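The values are calculated or read from the model by the stated rules, or taken from the named source; none is laboratory data. Computed from a prediction, not measured in an experiment: that's the story for all the values here. Cβ coordinates were reconstructed from backbone atoms using ideal geometry, including for glycine residues, and neighbour counts include every protein chain displayed. Quick note on the areas: whole protein, heavy atoms, side chains included, nothing else; ligands and nucleic acids left out. Shrake-Rupley method; radii C 1.70, N 1.55, O 1.52, S 1.80 Å.
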Amino acid sequence: MKCLLVQPIHADGIAMLRDAGMEVELCPDADMETVASRIKGCHAVITRDAGLSARAILASDTLKVIVIHGAGHDSVDKAQAAAKSILVCNTPGANAQSVSELALGLAIAAARLIPAADRAVRDGASGFREAGMFHELSGKTAMIVGWGATGAGLGRMLHAALGMEVLVYSPRSEDTGPFERVTTLADGLGRADLISLHTPLREETRGLMGAAALAVTKPGAILINTARAGLVDEAALADALERGTIAAAGLDVYTPDAPQGRLSASQRVIFTPHLGGTTPEALQRVATGAAGHVLTALSGQRPATTIDPPVEQVT
């Protein structure tokens, strides 16, 4: 049997597949036309950020399973996969520790404007530390939006390390452990000094942090997004930063033009290049988890993280 890798994965994942007797092929180009031309004869696909289009899925003739190297699955055409009885699964939680740590780092860096301070020192600026724009997080209130493995991990870190009160807004999660679950987004936004987004991008979450939400956010709050770019209305965020109603933002995900747009003009915005899950430790866990799902599916079993598309999308 053959597995096509759309973008490279950690060597340990490849070794698992080969040890099980599988042929492993790396697609030299993540362009979907190239993938479509290489997918025939493959029984499994592991894909990363590139996802898998309907065109590529339609070109397959032996495909049994698509495994997403990570948690997000909006870039895979799940309806087309379901129409061809192809399983789609992901690897949620495997990179949670890595992403949680980045979110924590962004929160502290945003509260103390560490990147801007570094640039000021390098540029020989004086008086930057008297700007009055620095804040402690200790003892304040954080709201976690989305209570999966990453959001829960960050919530525990903030509480244990900084003594923060943790609020949780996650309509699809009932068990938030020792932390208070707020029933409306506005309730949490009005109380939180730090807001961190960890929810999937769905129709109901697109633009979640838009003008209306930012208008009811506690003045001076910090916004962190390590989940999906579409959760934040970037124009509305730029307005809030210019007004001073949002103190700072840390963004690991954003639209392609954001680092050159209005947000880039603010020293209170920190950009990182979607590196939340790119530590060696996380990449190893995700790759071996993905390889394990391939082997499970090809043995005739259903991986625990198989994603069922909405019934109305299946034709």
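Restricting the first member to the stretch 198-209 and to residues that are closer than 14 Å to Leu251 by Cβ and in contact (Cβ under 8 Å) with a residue 24 or more places away in the chain, and the second to residues that are among the small types (Gly, Ala, Ser) and crowded, with 18+ Cβ neighbours inside 10 Å, the beta-carbon pairs closer than 7 Å and six or more apart or on different chains are His198/Gly146; His198/Gly148; His198/Gly151; His198/Ala227. Condition check for Ala71 on (1) touching a Pro at 6+ places or on another chain (Cβ under 7 Å); (2) over 27 Å from Arg206 (Cα atoms): one failure, at (2).
For the stretch 266-274, does any single residue satisfy the condition of being among the aliphatic types (A, V, I, L, M), on the phi < 0 side of the Ramachandran plot and at pLDDT 95 or above?
yes
The residue list Thr184, Thr141, Thr245 contains one member that is hydroxyl-bearing (Ser, Thr, Tyr), over 24 Å from Gly277 (Cα atoms) and touching a Lys or Arg at 6+ places or on another chain (Cβ under 6 Å), which is Thr141.
Restricting to the stretch 79-89, name every residue that is buried (at least 21 other Cβ atoms within 10 Å of the Cβ) and either of a type outside the set (A, V, I, L, M) or under 21 Å from Leu154 (Cα atoms) (or both). Scanning the stretch 79-89 gives Gln80, Cys89.
Take Pro92 and tell me if it is within 12 Å of the chain's Cα centre (by Cα), open to solvent by 30 Å² or more (accessible area, probe 1.4 Å), at pLDDT below 95 and not acidic (Asp, Glu).
Answer is yes for this residue.
Scanning the stretch 220-241 for residues that are open to solvent by 40 Å² or more (accessible area, probe 1.4 Å), modelled with pLDDT of 95 or more and out of contact with any strand residue (DSSP E or B) (no Cβ under 7 Å at 6 or more places or on another chain) yields Ala235, Asp239. Filtered by the rule that a residue be within 19 Å of Leu137 (Cβ to Cβ) and not aromatic (Phe, Trp, Tyr), the stretch 160-177 gives Ala160, Ala161, Leu162, Gly163, Met164, Glu165, Val166, Leu167, Val168.
If you check Val168 against the conditions, is it of a type outside the set (Lys, Arg), touching an Asp or Glu at 6+ places or on another chain (Cβ under 8 Å) and either modelled with pLDDT of 95 or more or open to solvent by 10 Å² or more (accessible area, probe 1.4 Å) (or both)? Yes: the conditions hold for Val168. Residues of the stretch 250-273 that are touching a residue at least 40 places away in the same chain (Cβ under 8 Å) and open to solvent by 60 Å² or more (accessible area, probe 1.4 Å): Gln267 alone. For the stretch 145-201, filtering for residues that are under 16 Å from Leu104 (Cα atoms) and more than 22 Å from the chain's Cα centre (by Cα) leaves 6. Listed by first and then second residue, the pairs linking a residue in the stretch 284-303 that is within 12 Å of Met22 (Cα to Cα) and modelled with pLDDT of 95 or more to a residue that is crowded, with 24+ Cβ neighbours inside 10 Å and of a type in the set (Phe, Trp, Tyr), with Cβ atoms under 8 Å apart and 6 or more places separating them unless they lie on different chains, form an empty list.
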